[in-house]
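Trainee: Sharing a structure, written as structure tokens. Questions coming.
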């Protein structure tokens, strides 16, 4: 007959064993760690934006919203275009009304709550458009901070969100230095650009690349030396956004000016 | 409506997807965990370091930290977009995330608090059981009480001096382990913010330490305030009861004991306050001096946009004024109450200025965002992330404290701890 003390002892051991999450052990699974960190496959998707070619028409934003079912009128978007107007005395004005879904229909700069700012065309030194999208970072801060592993990086470098597992804490949204993440207005989970993963994995281009009439957006595979995008990235003067965060962004820009935030 | 749009006001250039995603509930979260950790540290001062003058408030603080415990989780649940999936944090923790540790740290801490309370109250529980058992006739309430207390006793009915001594030792050990765990519970809340490299205001290694110090400050202040209010209520009740029973302690006796406890506790409050302010100012001066890329926008947030919140409410009314109140000789109960309430407000404003202030500027450093707290809860979301959601979080621990003290009374318990 088991006495009370023994019973308590054994019960504690059993309870402790049950409580110990088995997932603790999974951390040490090297296969999964490798998949999470550096996929060594034949594909690593990268993006190339040519700022000199962008005219700010916003077709890319429109196409993205429709393709990826982000509600058309919601004030969030997976990709957007920013307009930069730099005056001769060095002041920079930036706007992106509705993410430039409808392009830029006025010369006035949208200053949000501060109203529309009119700039004398005589004083403008330079002006240009900068398309933005997820940088599919090599070292993604958003994947690091997700408490449940609902956001993860695929072997070919794309950061995805599992809508059935995201708890909606917003830590990834706060962790992204580029502001590409938001909460999906319908699914109420974290949402982001995924280079149209459903399209590129079937050999198609992303919706924004197909929609761009000027060839300002291109997608490519950096592991393929024959890919025209790879050739440009390796042979021309390209730049990336916010390198100082150590996220190793994989969206490359041609003609990136220092004013770009 | 996009999440965050209802309460975010944008100015100049802000990225299209940027909103104030972490609102009032994320202010409440570090504030409430801070109170838990602080209350526990206060009770440990007596149990571990044997600060005898704190005996009266130690038991009080311990029970209060139990009442606050579930409330540390409440704001997080109210904040989640998918609260029904909150448990995933414990089921499939992704350990590279600071939040993933929450389940483990929180559970460890909860077990320590619960077991410490059990050891502190074991004698009382057993005595109650024996008393109820000895009664010849028990009414329904007494029978229910007997069942409850028998369950709480968990069969450990030994009241011999050796057994009680063992209890005392266990309490001491639990309190000693509890201090680092409580600090970890809260320091790691600071880490959640301090490690966000995308946020220029949050990213500093000082954040966890600042959080711990201000946590202890707020915990002690809350204990002082609640202690005073409870004692005042007791005095009222006693003076009413004394009409029939003159042997009860007079309100003057109660009052002198109260002043001694409050004065003693406020010394520890000041100590931790000096530490917290030093670190906060160090952080501010350092940012000012090094003036890295983000400083331009931070300066306009700190010195212009949030000036009233930071320098008037947090440092002025929340730190400086209570400092003077507590340091002036001849501390009275009323002054202590005002002082500790101001300290609580100051710590709350500190959390506010970190959480909301950290989102007051765009990651593009070219624009600002302002948080307009939703007042009237016209939808579930506006309730959760608005004034009434926050009030729910504030009121809950007091309701729980009342309920817990129905079973485990804080005052008038005879024991050796």
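Every number here is computed from the coordinates shown, using simple stated rules; none is lab data. If you're wondering where the values come from, they're calculated on a predicted model, not measured in any experiment. So basically every Cβ, Gly included, is an ideal-geometry build from the backbone, and we count neighbours across all protein chains shown.
Trainee: With a Förster radius of 25 Å, plug the Cβ-Cβ distance of residue B:9 and residue B:379 into 1/(1 + (r/R0)^6) and report the FRET value to the nearest 0.05.
Mentor: 0.85
Trainee: Beyond 26 Å, what share of the Cα-Cα pairs of segment A:108-261 is found? Please give it as a whole percent.
Mentor: Cα-Cα pairs of segment A:108-261 separated by over 26 Å account for 37 percent.
Trainee: Another question, then. Connecting C-alpha atoms closer than 10 Å in a GNM of chain A, tell me which of A:12, A:116, A:174 has the biggest fluctuation.
Mentor: Top of the fluctuation ranking is A:12.
Trainee: I've got another one for you. How high is the relative contact order of chain A, in percent, counting Cα pairs under 8 Å that sit 6 or more residues apart?
Mentor: It comes to 25 percent, rounded to a whole number.
Trainee: While we're on this one: Using every alpha carbon pair in segment B:266-417, what percent of pairs falls into each 5 Å bin from 0 up to the bin containing the largest distance?
Mentor: That works out to 2, 7, 12, 14, 14, 16, 14, 10, 5, 3, 2, 1, 0, in percent per bin.
Trainee: How long are the three semi-axes of the equivalent ellipsoid of segment B:223-282, in whole Å, if each is the root of 5 times an eigenvalue of the C-alpha gyration tensor, listed from largest down?
Mentor: The equivalent ellipsoid of segment B:223-282 has semi-axes of 36, 10, 5 Å.
Trainee: Can you give me the relative contact order of segment B:303-361 as a percent, contacts being Cα pairs under 8 Å and 6 or more apart?
Mentor: 45 percent
Trainee: What FRET efficiency, computed as 1/(1 + (r/R0)^6) with R0 = 25 Å and r the Cβ-Cβ distance, is obtained for residue B:158 and residue B:55, rounded to the nearest 0.05?
Mentor: Once the sixth-power term is evaluated, E becomes 0.55.
Trainee: Please compute the length gained on full extension between residue B:264 and residue B:147, using 0.36 nm multiplied by the number of residues separating them and subtracting their Cα-Cα distance.
Mentor: Result for the pair: 38.2 nm of gain on full extension.
Trainee: May I pose another question? Looking at chain B as a GNM with Cα springs under 10 Å, which of B:48, B:260, B:355 has the largest mean-square fluctuation?
Mentor: Comparing B:48, B:260, B:355 in a Gaussian network model of chain B, the most mobile one is B:260.
Trainee: With all distinct Cα pairs included, what does the Kirkwood hydrodynamic radius of the protein assembly as shown come out to in Å, to one decimal, could you say?
Mentor: About 28.1 Å, per the Kirkwood formula over Cα pairs.
Trainee: While we're on this one: How far is helix B:24-47 tilted, in degrees, relative to the longest principal axis of the Cα atoms in chain B, given as a value from 0 to 90 rounded to the nearest 10?
Mentor: 40 degrees
Trainee: Related question: For the pair residue B:138/residue A:224, report the inter-label distance in nm, with labels modelled 7 Å from Cα in the Cβ direction.
Mentor: Output for this residue pair reads 7.9 nm.
Trainee: Hey, another quick one. Normalising by the residue count of chain B, find the relative contact order in percent from Cα pairs under 8 Å and 6+ residues apart.
Mentor: 29 percent
Trainee: Over all alpha-carbon pairs of chain A, lay out the pair-distance distribution in 5 Å bins, whole %, shortest bin first.
Mentor: Spelled out bin by bin, chain A gives 1, 5, 11, 15, 16, 15, 11, 7, 5, 3, 2, 2, 2, 1, 1, 1, 0, 0, 0, 0 percent.
Trainee: Sticking with this structure for a sec: Simple spin-label model, 7 Å along Cα-to-Cβ: residue B:311 to residue A:201 in nm?
Mentor: According to this spin-label approximation, the distance is 5.5 nm.
Trainee: Whole angstrom only: what separates the Cα centroid of segment B:171-239 from the Cα centroid of segment B:33-100?
Mentor: 9 Å
Trainee: What FRET efficiency would be calculated for the residue pair residue A:126, residue B:399, taking the C-beta separation as r and a Förster radius of 56 Å, to the nearest 0.05?
Mentor: 0.35
Trainee: Where the centre of each part is set by its Cα atoms, how far does segment A:159-232 sit from segment B:113-128, in angstrom?
Mentor: Segment A:159-232 and segment B:113-128 have Cα centres separated by 57 Å.
Trainee: What is the Cα centroid distance between segment B:351-387 and segment A:78-103, reported in whole angstrom?
Mentor: 24 Å
Trainee: Helix B:251-290 versus the longest principal axis of chain B: what is the Cα-based angle in degrees, 0 to 90, to the nearest 10?
Mentor: 20 degrees
Trainee: Further question: For segment B:20-79, would you read off the P(r) tail past 16 Å as a percentage of all alpha carbon pairs?
Mentor: Considering segment B:20-79, 48 percent of its Cα-Cα pairs are separated by more than 16 Å.
Trainee: Just the number, please: Stokes-Einstein D of chain B in µm²/s, Kirkwood Rh from C-alpha pairs, 10 °C, 1.306 mPa s.
Mentor: Diffusion coefficient, whole number: 69 µm²/s.
Trainee: Top mean-square fluctuation among A:202, A:53, A:192, Gaussian network model of chain A, C-alpha springs under 10 Å?
Mentor: Of the options given, A:202 has the highest mean-square fluctuation.
Trainee: Do me a favour and compute the ellipsoid semi-axes for segment B:175-272 from its Cα gyration tensor, root of five times each eigenvalue, largest one first, whole Å.
Mentor: Output for segment B:175-272: semi-axes of 42, 12, 11 Å.
Trainee: Quick one: Kirkwood hydrodynamic radius for segment B:191-331, alpha-carbon pairs, angstrom, one decimal?
Mentor: Answer for segment B:191-331: a Kirkwood hydrodynamic radius of 18.1 Å.
Trainee: Along Cα→Cβ, 7 Å out, is where each label goes; now give me the distance between the ones at residue A:236 and residue B:256 in nm to one decimal.
Mentor: With each label point 7 Å from Cα toward Cβ, the separation is 8.9 nm.
Trainee: Less than 17 Å from a label point 7 Å out along the Cα-to-Cβ axis of residue A:105: which backbone N atoms in segment A:52-66 qualify, by residue?
Mentor: Residues A:56-63 fall inside that zone.
Trainee: Follow-up question, since we're still on this one. Could you tell me how many degrees, from 0 to 90 and to the nearest 10, lie between the Cα long axis of helix A:4-19 and the main elongation axis, the longest principal axis, of the Cα atoms of chain A?
Mentor: 20 degrees
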